[in-house]
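Before any comments, here is the structure.
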Amino acid sequence: MSVLDIVNLENFRKVFRNIRKVGLVTTVRYVVSDLLFDLRYKIDTINTEQLENLDIDSPNKEFGVYYEGTNAYIFKKAFSSFKIDAANSCFIDFGSGKGKAMFMAAERGFRKVIGVEFSLELVEVCRKNLVIFQQRSKSKTEFEIIHMDASEYQIPTEANLLFFSNPFNEMLTNKVIGNILMSYDKAPREIWIIHLYPKENLAFARHPRFQLEHEMGEGFIFRLKPA
């Protein structure tokens, strides 16, 4: 991964879009943090991918959102607002794409990190990135990459940090919420939700079982209420 690999029209569009939304200074923070992350590990997570250009064998393709790696600056900002014992926690990224949030979770010391992604092409990129990341980071995190529609994924009872960076619409999120509650019923535990860029998707905010713990400009952090 080199600087030349990211000089393309899609990335320029993303930069100009962010300037309009959050201003020049914040956009520079976003760009620098993403550049440094990919260059540090020599991987590709910064380039966006449109779903129509990917071969996805799922009836829910139309409800998904294009791939854009989670910004490193925003990821750090989200985790600064609450405390979790990462060394004894399991992190799941729904719509994990090329694996960026997974790798950032590993940097934070999560015991186990799982990525769930319905695009086989993105899964293959993630697997390549993971090999390089493990070699360069020497991470001791246990990784699992799952090629599956997130709405069909049975959430393991060890998972306690569930991460969503605008992967799909509210209908599919509600299906995932059903799976979260089933997992909790099997093993009651503290479960945290990070939902970035929800836009019109207010599935967690509307659900009575999820308590809003923190709100920031980029999204929300919820905690599952005990049954």
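List the GluC sites (Glu not before Pro) within the stretch 91-150 that fall in a DSSP loop (any state other than H, G, I, E or B) and whose Cβ has at most 15 other Cβ atoms within 10 Å.
Values: sites: E107, E117, E121, E124, E142, E144; in loops: none.
The qualifying sites: there are none.
Roughly how much of F143 is accessible, in Å² to the nearest 10, using a 1.4 Å probe?
Rounded to the nearest 10, that gives 30 Å².
Kindly state, as a whole number, the per residue volume in cubic angstrom of the convex hull around the alpha carbon atoms of the stretch 165-204.
It comes to 59 Å³ per residue, whole-number rounded.
Once R0 is set to 30 Å, what does the formula 1/(1 + (r/R0)^6) return for the Cβ-Cβ distance between E124 and L36, expressed as a FRET efficiency to the nearest 0.05? If you can, show how the numbers build up before the last one.
Values: r = 25 Å, r/R0 = 0.82.
FRET efficiency, E124 to L36: 0.75.
Can you tell me the length gained on complete extension of the stretch L202 to H147, counting 0.36 nm per residue apart and subtracting the Cα distance? It would help to have the intermediate numbers written out before the result.
Values: separation 55, 0.36 × 55 = 19.80 nm, distance 2.56 nm.
Result: 17.2 nm gained on full extension.
What Kirkwood hydrodynamic radius, in Å, does the stretch 106-227 give when the mean of 1/r is taken over all pairs of distinct Cα atoms and then inverted? Intermediate values should be presented prior to the final figure.
On the way: mean 1/r = 0.0645 Å⁻¹.
About 15.5 Å for the stretch 106-227.
Of the options A105, F143, I132, report the single residue whose Cα projects farthest towards the positive end of the charge dipole of the stretch 98-195 (beta-carbon charges: Lys, Arg +1; Asp, Glu -1).
I132
Averaged across orientations, what area in nm² does the convex hull of the alpha carbons in the stretch 126-178 project?
Details: hull surface 18.7 nm².
Computing the convex hull of the Cα atoms and averaging its projections yields 4.7 nm².
Could you please put R136, R189, R108, R206 in sequence from largest to smallest accessible area, using a 1.4 Å probe? Numbers along the way, then the final one.
On the way: R136 125, R189 45, R108 105, R206 155 Å².
Sorted by accessible area, descending: R206, R136, R108, R189.
The values are calculated or read from the model by the stated rules, or taken from the named source; none is laboratory data. Predicted model only: the values in this text are computed from it and were never measured. Don't worry about glycine lacking a Cβ; one is built from the backbone with ideal geometry, like all the others, and counts go over all protein chains shown. Ligands, DNA and RNA are excluded from the accessible area calculation, which covers all protein heavy atoms including side chains. Shrake-Rupley method; radii C 1.70, N 1.55, O 1.52, S 1.80 Å.
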